[in-house]
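Written out below as structure tokens is the structure these notes cover.
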Amino acid sequence: MEKIVSIIAAAGKSARMGGADKLFAPILGRPLIYHTLAPFFEAGCFAAVALVLDNPRAPENRRRTKDLLDSLPVEPRIVTCEGGATRCASVMNGLRALEEFDPKIVVVHDGARPVITAQDLIAVAGCAREHGAASFALPAADTLVGVAPGEPRKYLQRDNVFHLQTPQAFRFDLLTRACGKIDVTDPMMTDDTAVVAALGVEAKLITGRASNLKVTVPDDLRAVEALLAAPGWTRGGGGRR
């Protein structure tokens, strides 16, 4: 059976959280990152998970990470590694940490998106197995406008615009090769589907859901807590649309 691994991109600075580290913010009695990781254990298909953190060797981060790992099952194995200066550099560090498992598929997920299910992970991994790359994406509901200094505003046709979400999945060799061919320090490479697109591979889009929020500001914590506490929500199933 093809091995599946995952990278949890959790090396952000929480710059818009008013000084709080969002990954360890309490939600329903557990740190946010616990809720993000839990579906990976419930999916039952992952050989290993690379948790990419900002400055994991700092004493406080080491303590919090140890407490987190002690609260989780022993399988799949979790390996921790340090993030890079950019999203792409962090993902590359995660890929290197997972090479020893000889995986065929890698699922990449934002550490700050806790409202996902095991079914989401299984679906995106299966789609990547067939198409090479896959991503959840939410169709745009609002009119979008591009604004750049000194240039006319560009109004985008929302029927053709999607908000990319994670989880995303890729053939492991494809993403590794793509990261090796681009400048991983480029701050404009904020999404991994753009990285493989540079090799001519377009990710298959899977319709996402609005509840798959990425915690960015303090109000988002209250929103995801309400979603995770809602009657009928289950990480092991399809969640709630």
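The values are calculated or read from the model by the stated rules, or taken from the named source; none is laboratory data. The shown structure was predicted, so the numbers you read here are calculated from the model rather than taken from an experiment. All Cβ positions, glycine included, derive from the backbone under ideal geometry; neighbour counts span all protein chains shown. Only protein heavy atoms, including side chains, enter the accessible area calculation; ligands, DNA and RNA are left aside. Shrake-Rupley method; radii C 1.70, N 1.55, O 1.52, S 1.80 Å.
Over the chain, what is the relative contact order in whole percent, taking alpha-carbon pairs under 8 Å and six or more residues apart?
Averaging sequence separation for qualifying contacts and normalising by length gives 25 percent for the chain.
With r as the distance between the Cβ atoms of Arg96 and Ala141 and R0 = 35 Å, compute the FRET efficiency 1/(1 + (r/R0)^6) and round to 0.05.
0.35
Against the 2.2 N^0.38 Å scaling, with N counting residues, where does the chain land? I'd like the Cα-based Rg ratio to two decimal places.
Rg over 2.2 N^0.38 Å, computed on Cα atoms: 0.99.
Once you have the Cα-Cα distance between Asp173 and Glu2, take 0.36 nm times their residue separation minus that, and quote the gain in nm to one decimal.
60.3 nm
Sorted by mean Cβ packing within 10 Å, highest first, what order do the peptides 172-179, 135-142, 158-165 take?
172-179, 135-142, 158-165
May I ask you to give the solvent-accessible area per residue for the chain, in square angstrom, as obtained with a 1.4 angstrom probe?
Accessible area per residue: 50 Å².
At 0.36 nm per residue, and after removing the present C-alpha to C-alpha distance, how many nm does the segment from Lys154 to Thr185 gain when stretched out fully?
The Lys154-Thr185 span can extend by a further 8.4 nm.
Order the peptides 23-33, 217-227 from the highest to the lowest mean number of other Cβ atoms within 10 Å of their residues.
Per-residue mean Cβ counts within 10 Å order the peptides as 23-33, 217-227.
Taking the Cα centre of each part, how many Å lie between segment 120-173 and segment 179-236?
First find each Cα centre; the distance between them is then 9 Å.
Once the Cβ-Cβ distance between Arg57 and Arg77 is put in as r, and R0 is 25 Å, what FRET efficiency do you end up with, to the nearest 0.05?
After rounding to 0.05, the efficiency reads 0.80.
Can you work out the PRE-style zone for Ala223? Point 7 Å along Cα to Cβ, and I want the residues of segment 177-201 with backbone N under 12 Å.
Nothing falls inside the zone, counting backbone N under 12 Å.
Roughly speaking, what is the centre-to-centre gap between segment 24-46 and segment 70-97 when only Cα atoms are used, to the nearest Å?
One Cα centre to the other: 15 Å.
For Cα pairs less than 8 Å apart in space and 6+ apart in sequence, what is the mean separation divided by the residue count of segment 154-225, i.e. the relative contact order in percent?
In percent, rounded to a whole number, it is 23.
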